[in-house]
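**Q** Below are the structure tokens for one structure; questions will follow.
FYI, it's all coordinate maths here, none of it is from the lab. From a predicted model like this one, the values you see are computed outputs, not experimental measurements. Note that each Cβ is placed from the backbone with ideal geometry, even for glycine, and that neighbours are counted across all protein chains shown.
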Amino acid sequence: MKNAFNRWALVLAAVAAVAVLNACQKKDPGPAEALGKQLDSAVQEAGKQLEEAGNKAKEQSSDVGSKLGQAMDQVKVEAQVAYEKTKEGAKELSQQAGEKMQQAGEKIQDAAKK
């Protein structure tokens, strides 16, 4: 009887082991799981593309900022040159006007002496 009991216990243990192993086997994913994986993949790809676009925009804005800075430096130089030319021109005109006024004053004095 012990032998029969042991046999039944062994058969029962084997059936239980087969049932457990069968339950652990990976089954094909259902439609919801497949859709979830597709969504995960799409979200990851979109994230990568957004990151790449952000990096590209950052690089372009850095380039634009650099070019703008260079242009502003050039404008400053040109403005300084124009200022110096204007200042020199005004000084020259002022000197010429002073000379003309002195000549006019001398002519008035000469005319008064006659």
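**Q** For residue 76 paired with residue 114, estimate the spin-label separation in nm (one decimal), with each label point 7 Å from Cα along the Cα-to-Cβ line.
**A** Taking the two extended label points, one gets 6.0 nm.
**Q** Calculated FRET efficiency, residue 35 and residue 55, Cβ-Cβ r, R0 22 Å, to nearest 0.05?
**A** Working: r = 31 Å, r/R0 = 1.39.
Given R0 = 22 Å and the Cβ-Cβ separation, E is 0.10.
**Q** Taking 7 Å along the Cα-to-C-beta vector as the label spot, tell me the residue 68-residue 88 distance in nanometres, rounded to one decimal.
**A** Computed distance between label sites residue 68 and residue 88 equals 3.4 nm.
**Q** Next question. For region 46-51, what does the Karplus curve 6.51 cos²θ - 1.76 cosθ + 1.60, with θ = phi - 60°, yield as ³J(HN,Hα) per residue in whole Hz, taken in order and with x for Gly and Pro?
**A** 4, x, 4, 5, 5, 5
**Q** Once you list every other residue whose beta carbon is under 14 Å from the beta carbon of residue 69, what net charge do they have if Lys and Arg are +1 and Asp and Glu are -1?
**A** Working: positive: 67, 76; negative: 63, 73.
For residues surrounding residue 69, the net value is 0.
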